[in-house]
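The values are calculated or read from the model by the stated rules, or taken from the named source; none is laboratory data. This one's a predicted model, so the numbers in the text were calculated from it and none came from an experiment. Cβ coordinates were reconstructed from backbone atoms using ideal geometry, including for glycine residues, and neighbour counts include every protein chain displayed. Calculation scope for accessible area: heavy atoms of the full protein, side chains included, ligands and nucleic acids excluded. Shrake-Rupley method; radii C 1.70, N 1.55, O 1.52, S 1.80 Å.
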Amino acid sequence: AKKNGRNQYVLYHDGMQHHNGKQLFQLETALRKALERGEFELYYQPQLDVKTKQIRAVEALIRWNHPEKGFISPGMFIPLAEESGLITPISDWIMMQACEHLKQLQLRFPYIKMSINISPIYFQQIDFIEKLQKTIESVNVNPRSIELELTESAVMPHAEKSVERLTMLKTMGISIAIDDFGTGFSSLSYLHRFPIDILKIDRSFIKQLSRYREESAIVNAIIMMAHSLQIRVVAEGVETKKQYQILEKQSCDFVQGYYVSKPLSISELYEFLDMWNHLYD
Ligand code: C2E
Ligand code: MG
Ligand code: MG
Ligand code: MG
């Protein structure tokens, strides 16, 4: 890990387990302070329903506005939060904030769903579901409007326990999405054993979509397989019209990416949804 000048703690993540006790302690303090000072903010990226051309959901993406260092990307600090243990209070905050924003959003856009990324560490904690239930009840939001995004690495290591948990979430009315699909190395057999509603095809496949026939074949195969299992598909990181058209032709259900919109602050999101409805209704 690196240290540079005024940086008191390390924000360079070059693989886990590189931090000694003191560094971890400093990181934990920094993240705790960030939470107390309200330096975290949720941004929301719209997801388009290809058939209806409606925005069906938004994905909550956390941002850290550090007072001195400026914007710090979640790809950087989420792994550190996981390593230091601060992922738990941060995740508690994410769940509450996303549910509150969803509740407000639905007053104006009743059809909108909220998709929330869940850290594997948070997912595996025993009181995760109980806390989630409490949050949903206290905000009084419809659980059928909530989707949780998990990666293969979150559910695979404890497959049996995960099936149990996912089934409980489903019973509550919550939907399950597998994030970054195609980047893990697990067998596909879990797809029908787990109660999964949505696969999110990783951006790395979409990137090459207009350039290579092979990528197009892979994406097509994923979509067909998912559909035969009654699972719907989101393409992540769609940036161009060309990519969109290929996905539309392949019957991809939903697209997300800069082609539709970048992640937006909550106030930008209201403007975006108003504009979208104005254009497409
Ligand atoms: P992810 O869940 O796969 O999120 C998609 C990432 O792709 C986001 O990066 C988003 O801004 C970016 N993206 C979306 N469309 C495009 C596009 O068209 N082109 C390109 N180049 N990028 C696009 P972001 O916000 O930096 O988040 C990175 C990762 O950090 C997320 O990947 C997720 O794994 C994690 N993360 C973000 N927010 C949270 C959170 O609230 N909780 C947890 N546990 N993890 C989070
Ligand atoms: Mg995600
Ligand atoms: Mg993803
Ligand atoms: Mg990703």
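Some points to look at:
- Net charge of the neighbourhood of Asn65, taken over other residues with C-beta under 12 Å away and scored Lys/Arg +1, Asp/Glu -1, is 0.
- On the beta carbon distance between Glu248 and Ile126, with R0 = 41 Å, the FRET formula returns roughly 0.45.
- Maximal additional length on extending the Ala217-Lys33 stretch stands at 61.5 nm, based on 0.36 nm per residue less the C-alpha distance.
- Label-point gap, in nm, between Gln26 and Asp49 - each point 7 angstrom along Cα→Cβ: 5.0 nm
- The Cα-based radius of gyration and maximum Cα-Cα distance (Dmax) for the chain are 19.1, 56 Å.
- The local environment of Leu105, defined by Cβ-Cβ distances under 15 Å, has a net charge of -1 under the rule Lys, Arg +1 and Asp, Glu -1.
- With a Förster radius of 35 Å applied to the beta-carbon distance between Asp197 and Arg108, the computed FRET efficiency rounds to 0.90.
- Packing-based ranking, highest mean first, of 220-228, 172-180 given that Cβ atoms within 10 Å are counted: 172-180, 220-228
- Surface composition of segment 180-281: carbon plus sulfur atoms contribute 52% of the solvent-accessible area (1.4 Å probe, protein chains only, all chains present).
- Segment 23-42 and segment 69-100 have Cα centres separated by 9 Å.
- Expressed as a fraction of 2.2 N^0.38 Å, the value expected for a compact globular protein of N residues, the C-alpha radius of gyration of segment 166-250 is 1.13.
- Mean-position separation - Cα centroids, segment 214-259 and segment 264-280, in angstrom: 24 Å
- The chain - accessible surface per residue (Å², probe 1.4 Å): 50 Å²
- Here the accessible area is traced with a 1.4 Å probe on the protein chains. For segment 97-149, carbon and sulfur cover 50 percent of it.
- Net dipole in debye of segment 135-281 [+1 Lys, Arg Cβ; -1 Asp, Glu Cβ; about Cα centre; nearest 20]: 440 debye
- With the simple spin-label model, which puts each label point 7 Å out from Cα in the Cβ direction, the Ser267 to Glu239 separation comes to 3.0 nm.
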